[in-house]
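The values are calculated or read from the model by the stated rules, or taken from the named source; none is laboratory data. What you are looking at is a predicted structure, and each value in this text was computed from that prediction instead of being measured. Glycine also receives a Cβ, built like all others from the backbone with ideal geometry; neighbour counts cover every protein chain displayed. Only protein heavy atoms, including side chains, enter the accessible area calculation; ligands, DNA and RNA are left aside. Shrake-Rupley method; radii C 1.70, N 1.55, O 1.52, S 1.80 Å.
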Protein chains: 2
Amino acid sequence: MWKPDRHNPKPLYEQIADHLEQRISYGEFPPGSLLPSERKLAEQLGVNRSTVILAFGELRSMGIIESRPGSGTRVSKFKWGAVPKHTPNWKRYAEGGSFLPNLPFLRRIREALQQNPALIDFASGELSADLAPIEEMTELMGTNPYPSYLGYGHPQGYMPLRQAVASYLDRYRGIQATESSILITSGSQQSLYLITQCLLSPGDAVAIEDPSYHYSLPMFQSAGLRLVRLPADEEGILPEEIRSLHKKHRIKMIFVNPNFQNPTGTLLSDDRRGALLEVASELGLPIVEDDPYSLTDYEGIPRSPLKSMDRVGSILHIGSFSKMAAAGLRVGWMVAPHSIVERLADARQQMDFGLSVIPQQVAARFLESPYFEPHLHRLRTQLRRKRDLLVEALQQELPDSVRFHVPQGGIHLWCRLVPSVSDAKLLEEAIKKGVVFVPGSVYGSDSGYVRFTFGRAKAEEIGPGIAKFAEALRGLTDSFPTVKKAK
Amino acid sequence: MWKPDRHNPKPLYEQIADHLEQRISYGEFPPGSLLPSERKLAEQLGVNRSTVILAFGELRSMGIIESRPGSGTRVSKFKWGAVPKHTPNWKRYAEGGSFLPNLPFLRRIREALQQNPALIDFASGELSADLAPIEEMTELMGTNPYPSYLGYGHPQGYMPLRQAVASYLDRYRGIQATESSILITSGSQQSLYLITQCLLSPGDAVAIEDPSYHYSLPMFQSAGLRLVRLPADEEGILPEEIRSLHKKHRIKMIFVNPNFQNPTGTLLSDDRRGALLEVASELGLPIVEDDPYSLTDYEGIPRSPLKSMDRVGSILHIGSFSKMAAAGLRVGWMVAPHSIVERLADARQQMDFGLSVIPQQVAARFLESPYFEPHLHRLRTQLRRKRDLLVEALQQELPDSVRFHVPQGGIHLWCRLVPSVSDAKLLEEAIKKGVVFVPGSVYGSDSGYVRFTFGRAKAEEIGPGIAKFAEALRGLTDSFPTVKKAK
Ligand SMILES: Cc1ncc(COP(=O)(O)O)c(C=O)c1O
Ligand SMILES: Cc1ncc(COP(=O)(O)O)c(C=O)c1O
């Protein structure tokens with residue numbers, strides 16, 4: 001991102017005006033298009049709003065932009081372009097397509113993090129830099145770096161990675177699979193996307209946990225699916241409810257995230273796993289088992305995935321490197337019946353021609369290396385430590401205003417707020433204080449819940465982050481007593 | 001892919017039966033699902049069909065599979081699964097979704113290449129291993145290998161790559177762009193996919209060249225678009241036709257591939273570039289300029305892209321590493337007005353959370369390295385040599401039966417066949433002889449055309465490949481005199 005240069009003798013506002021003029025002349029902001037607001041530009045460029053006002057004035061005087069009250073600042077139609085009235089109506093194009101934009105809260109959080117990287121981040125569902133095995137990967141790639149051929153790859157993914165995933169699944173997840181039943185995808189996200197786009201049709205009903213990561217995905221609505229909520233408690237969903245919901249809604253597929261669920265951190269109990277499989281097979285319903293968190297179990301206890309109990313091939317099992325190593329590898333996988341793998345691999349060719357071989361090679365080597373097991377051990381230890389720090393900070397800062405279950409794995413803690421505050425106001429206030437979280441309503445819950453993700457923040461940020469959050473919450477609740485304890 | 005072990009004392013058919021039983025028990029082939037045919041399995045496993053027949057017999061006698069005349073071999077419903085009738089109807093799911101499968105010819109070619117990697121490949125639109133700068137990339141990554149953080153990346157792509165692409169566009173394509181107007185995608189393919197999914201709505205008409213790469217993409221039909229053909233000759237499309245076509249069809253967007261077009265190799269003339277821009281701006285129509293081949297110009301002459309003449313921001317310009325370096329990097333880019341970049345970046349988060357940082361880093365370093373320029377030089381020289389070999393072989397083997405223009409860049413040669421033969425028969429016959437090509441009908445042309453891609457085959461394969469093709473063609477045309485010339 002360009003920023004004005006404070007050592008440049010040219011005044012800041014002139015630098016900004018020149019820069020904007022250049023971007024406009026390149027066609028980035030076509031005639032008639034809206035420029036970012038003064039406030040937003042000021043934030044982006046790290047200057048005072050008054051500087052942006054001066055820069056806009058400069059451009060206005062040159063006839064390059066026009067401002068009208070209430071409708072913002074636009075690129076002038078008369079200055080730019082030979083036949084200016086015929087610039088495509090980009091706004092209409094940007095609103096076209098069946099694909100819905102991200103949820104406003106999530107866009108707001110992304111924007112806030114881009115504007116101020118110093119925010120303490122309890123929102124992003126990823127691991128902090130020190131938890132990712134980057135040194136190990138670098139070393140593994142150093143020895144025998146690259147494939148000898150970099151053409152379009154196999155539609156199902158790089159064969160050595162599929163083999164490595166098959167033996168990983170056998171060893172760590174009790175799942176028997178051959179390479180031909182594995183599809184490599186861009187994280188779990190693309191597996192979910194392919195399922196919603198290629199196996200379901202508009203109008204189909206799908207059952208998802210309440211609350212659930214899947215509510216945060218406009219992808220489901222973009223595919224025209226109807227979402228049916230599966231009630232859940234601290235042991236996960238209640239499988240018996242599926243029968244009556246199916247009668248009412250004709251469910252086509254069940255989506256579950258049984259291990260350390262996003263956002264609640266819940267572990268589906270063994271009894272309910274059995275019951276869920278039974279109900280699903282009785283009704284002939286496929287289950288999508290989205291399982292990115294299982295290996296983060298702090299005790300290292302292996303939980304049987306549904307897929308390991310599946311003998312009729314009714315489970316689509318999805319895994320990912322993102323939460324156990326590095327989201328930036330963008331490597332995930334799906335285990336599915338052959339006809340489904342073939343269908344999805346074929347459609348994916350049309351969308352992106354598959355993943356680059358290079359991260360697939362990194363992933364394969366890492367999975368098969370002696371570094372994998374110690375990495376997992378370290379990851380679990382560190383995540384438990386972060387969870388402890390978070391729990392401690394919440395108890396200290398907000399003893400009477402939060403309620404939560406302590407998660408035994410994963411990276412999320414789900415928190416009910418006792419005082420009633422508006423989600424939106426709390427988020428804005430928290431951003432002002434220097435911390436971000438995700439409001440629970442993003443996951444389909446009523447307001448009054450918060451998801452704190454503790455994988456991303458550094459250990460030493462957790463206490464101060466919660467202190468800032470507590471400040472924000474206190475600021476919004478008059479009646480709410482200030483809590484200050486000596487350490 | 002598993003293959004039976006010929007050194008194993010266990011008979012091949014028993015090994016195959018065990019292997020299939022295992023895959024069935026893992027749920028890869030659920031109860032009731034269809035197994036591959038005996039012929040196909042025999043090909044895949046590299047055994048005689050009679051061996052597969054024996055293996056099927058074995059499984060049938062165990063009650064694991066059942067064969068019924070005319071409906072193939074299926075996994076038994078009675079042996080597997082406690083409540084077997086309730087396995088999901090995967091066939092129906094696989095047929096669901098709005099996403100159409102690939103064209104049958106392209107699936108057939110892919111299958112043939114997977115079964116017999118020794119086929120001479122005039123079909124795949126990629127570079128041979130010796131043309132990809134793998135050593136250079138390996139070296140560049142060896143010095144300072146990995147990013148210090150591997151989290152979810154910026155929605156528009158890795159910043160250093162966007163900066164490198166911006167300076168590449170300036171230097172090599174005469175396009176002025178800032179990082180914020182660049183979106184990094186999984187090759188050009190994902191740029192095209194995002195445009196069709198997010199900027200256009202079902203029922204919209206789009207104009208594409210006739211013939212065109214875009215006809216080969218069910219992606220357009222999957223998005224519900226109506227395809228309007230733009231007539232073209234050896235100088236590219238006829239821009240004047242757009243006016244009347246627009247009147248008739250209310251065109252929403254124009255797709256062109258102006259440099260060494262896929263499949264025809266045509267270069268859009270300078271006059272027509274100007275005329276196209278004028279018509280489009282007069283009608284207020286956006287143009288998608290899909291430009292993966294321009295840097296392969298054998299003379300190294302820079303052709304002005306449409307985007308470099310664009311002052312009203314009506315061009316979406318797409319580029320890619322695939323045809324100038326390595327398709328397996330899966331790195332492409334789009335330059336577009338800001339509102340469009342933001343819309344597509346946001347939607348892409350839902351689909352796959354973006355590309356891995358690693359190949360983006362490789363691409364950025366390579367673009368900025370001193371290796372880039374010499375690589376381009378070598379690439380052009382080698383591609384021209386391959387083109388010469390192809391032209392020579394066609395003239396020698398089929399002097400009276402093919403007509404073509406000699407391309408001045410790119411990797412494709414478009415060839416009209418004088419004798420009239422069926423596309424499907426010719427392809428099958430060629431596969432039998434050991435060579436593959438793409439029938440022209442895939443690109444929307446009438447039958448009787450062939451696309452020979454000369455980037456993928458090794459130089460020494462080109463002559464023998466065309467000899468095999470000639471044999472296949474001769475075998476199908478009785479009246480057609482056998483040509484044998486002394487070298
Ligand atoms: C339950 C669940 N599924 C899928 C994903 C997508 O992750 P990725 O595509 O990085 O594997 C996430 C990320 O937060 C998640 O929590
Ligand atoms: C004209 C054209 N556009 C786009 C593509 C897609 O290529 P990639 O996604 O590898 O950049 C191709 C590949 O053959 C092509 O020929």
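Checking each residue in the stretch A:125-142 for being open to solvent by less than 30 Å² (accessible area, probe 1.4 Å) and either within 7 Å of chain B (Cβ to nearest Cβ) or within 17 Å of the chain's Cα centre (by Cα) (or both) picks out A:GLY125, A:GLU126, A:LEU127, A:SER128, A:ALA132, A:ILE134, A:MET137, A:MET141.
Among the conditions (1) open to solvent by 40 Å² or more (accessible area, probe 1.4 Å); (2) more than 10 Å from every other protein chain (Cβ to nearest Cβ), the only one that B:GLU209 does not satisfy is (1).
Here the stretch B:316-346 is the region considered, the condition is being away from ligand 2 (no atom under 14 Å from the Cβ) and either closer than 30 Å to A:GLU135 by Cβ or not in a helix (DSSP H, G or I) (or both), and the residue that is farthest from the chain's Cα centre (by Cα) is B:PRO337. Within the stretch B:223-239, can one find any residue that is touching a helix residue (DSSP H, G or I) at 6+ places or on another chain (Cβ under 6 Å) and within 12 Å of chain A (Cβ to nearest Cβ)? Within the stretch B:223-239, one or more residues are touching a helix residue (DSSP H, G or I) at 6+ places or on another chain (Cβ under 6 Å) and within 12 Å of chain A (Cβ to nearest Cβ). None of B:SER180, B:SER188, B:SER201 is within 15 Å of ligand 2 (Cβ to nearest atom), touching a residue at least 12 places away in the same chain (Cβ under 8 Å), open to solvent by 10 Å² or more (accessible area, probe 1.4 Å) and hydroxyl-bearing (Ser, Thr, Tyr) except B:SER188. For the stretch A:297-319, taking the residues that are at pLDDT below 95 and away from chain B (no Cβ under 14 Å), the one that is farthest from B:ASN89 (Cα to Cα) is identified as A:GLU299. Can you tell me which residues in the stretch A:143-155 are open to solvent by less than 20 Å² (accessible area, probe 1.4 Å) and either more than 8 Å from chain B (Cβ to nearest Cβ) or within 11 Å of B:GLY328 (Cβ to Cβ) (or both)? Passing the criteria: A:PRO147, A:LEU150, A:GLY151.
Here is a check on your reading of the model: is A:ARG39 out of contact with any Phe, Trp or Tyr (no Cβ under 7 Å at 6 or more places or on another chain), outside any loop (DSSP other than H, G, I, E, B) and more than 14 Å from chain B (Cβ to nearest Cβ)?
On the way: out of contact with any Phe, Trp or Tyr (no Cβ under 7 Å at 6 or more places or on another chain): yes; outside any loop (DSSP other than H, G, I, E, B): yes; more than 14 Å from chain B (Cβ to nearest Cβ): yes.
Yes: the conditions hold for A:ARG39.
Checked against (1) without any contact (Cβ under 8 Å) to a residue 60 or more places away in the chain; (2) more than 9 Å from chain A (Cβ to nearest Cβ), B:GLY284 passes all but condition (2). Selection of the stretch A:105-124 for residues being within 11 Å of chain B (Cβ to nearest Cβ) and either among the polar types (S, T, N, Q) or surrounded by fewer than 19 Cβ atoms within 10 Å (Cβ to Cβ) (or both) yields A:ARG107, A:GLU111, A:LEU113, A:GLN114, A:SER124. Take the residues of the stretch A:328-356 that are among the β-branched types (Val, Ile, Thr) and more than 16 Å from ligand 1 (Cβ to nearest atom): which is surrounded by the fewest Cβ atoms within 10 Å (Cβ to Cβ)? Here the residue is A:VAL341.
Residue-level analysis places B:ILE16 outside the set of residues that are surrounded by 20 or more Cβ atoms within 10 Å (Cβ to Cβ), part of a helix (DSSP H, G or I) and within 10 Å of chain A (Cβ to nearest Cβ).
Looking for whichever is hydrophobic (A, V, I, L, M, F, W, C), open to solvent by 10 Å² or more (accessible area, probe 1.4 Å) and either at pLDDT below 95 or out of contact with any Gly (no Cβ under 9 Å at 6 or more places or on another chain) (or both) here; the options are A:ALA363, A:ALA280, A:ALA325, A:ALA275. Which one fits?
On the way: A:ALA363 fails: open to solvent by 10 Å² or more (accessible area, probe 1.4 Å); A:ALA280 fails: open to solvent by 10 Å² or more (accessible area, probe 1.4 Å); A:ALA325 fails: open to solvent by 10 Å² or more (accessible area, probe 1.4 Å).
After applying the criteria, what remains is A:ALA275.
Within 14 Å of chain A (Cβ to nearest Cβ), within 16 Å of ligand 2 (Cβ to nearest atom) and out of contact with any helix residue (DSSP H, G or I) (no Cβ under 8 Å at 6 or more places or on another chain), is that true of B:LEU355? Full working, then the answer.
Values: within 14 Å of chain A (Cβ to nearest Cβ): yes; within 16 Å of ligand 2 (Cβ to nearest atom): yes; out of contact with any helix residue (DSSP H, G or I) (no Cβ under 8 Å at 6 or more places or on another chain): yes.
So B:LEU355 fits the description; yes.
If we scan the stretch B:369-384, do we find a residue that is facing chain A (nearest Cβ under 7 Å) and either within 16 Å of ligand 2 (Cβ to nearest atom) or within 23 Å of the chain's Cα centre (by Cα) (or both)? Taking every residue of the stretch B:369-384 in turn, none turns out to be facing chain A (nearest Cβ under 7 Å) and either within 16 Å of ligand 2 (Cβ to nearest atom) or within 23 Å of the chain's Cα centre (by Cα) (or both). Among all positions in the stretch A:59-66, there is at least one residue which is assigned to a helix (DSSP H, G or I) and among the aliphatic types (A, V, I, L, M). For the stretch B:373-392, the criterion of being in contact with a Pro (Cβ under 8 Å, 6 or more places away or on another chain) and open to solvent by 20 Å² or more (accessible area, probe 1.4 Å) is met by at least one residue.
Could you run through the stretch A:347-372 and say how many residues are in a loop (DSSP other than H, G, I, E, B) and either more than 20 Å from B:TYR152 (Cα to Cα) or not hydroxyl-bearing (Ser, Thr, Tyr) (or both)?
Kept after step one, since they are in a loop (DSSP other than H, G, I, E, B), are these residues of the stretch A:347-372: A:353-356, A:369-371.
If we keep only those that are either more than 20 Å from B:TYR152 (Cα to Cα) or not hydroxyl-bearing (Ser, Thr, Tyr) (or both) too, we end up with A:353-355, A:369-371.
Selection size over the stretch A:347-372: 6.
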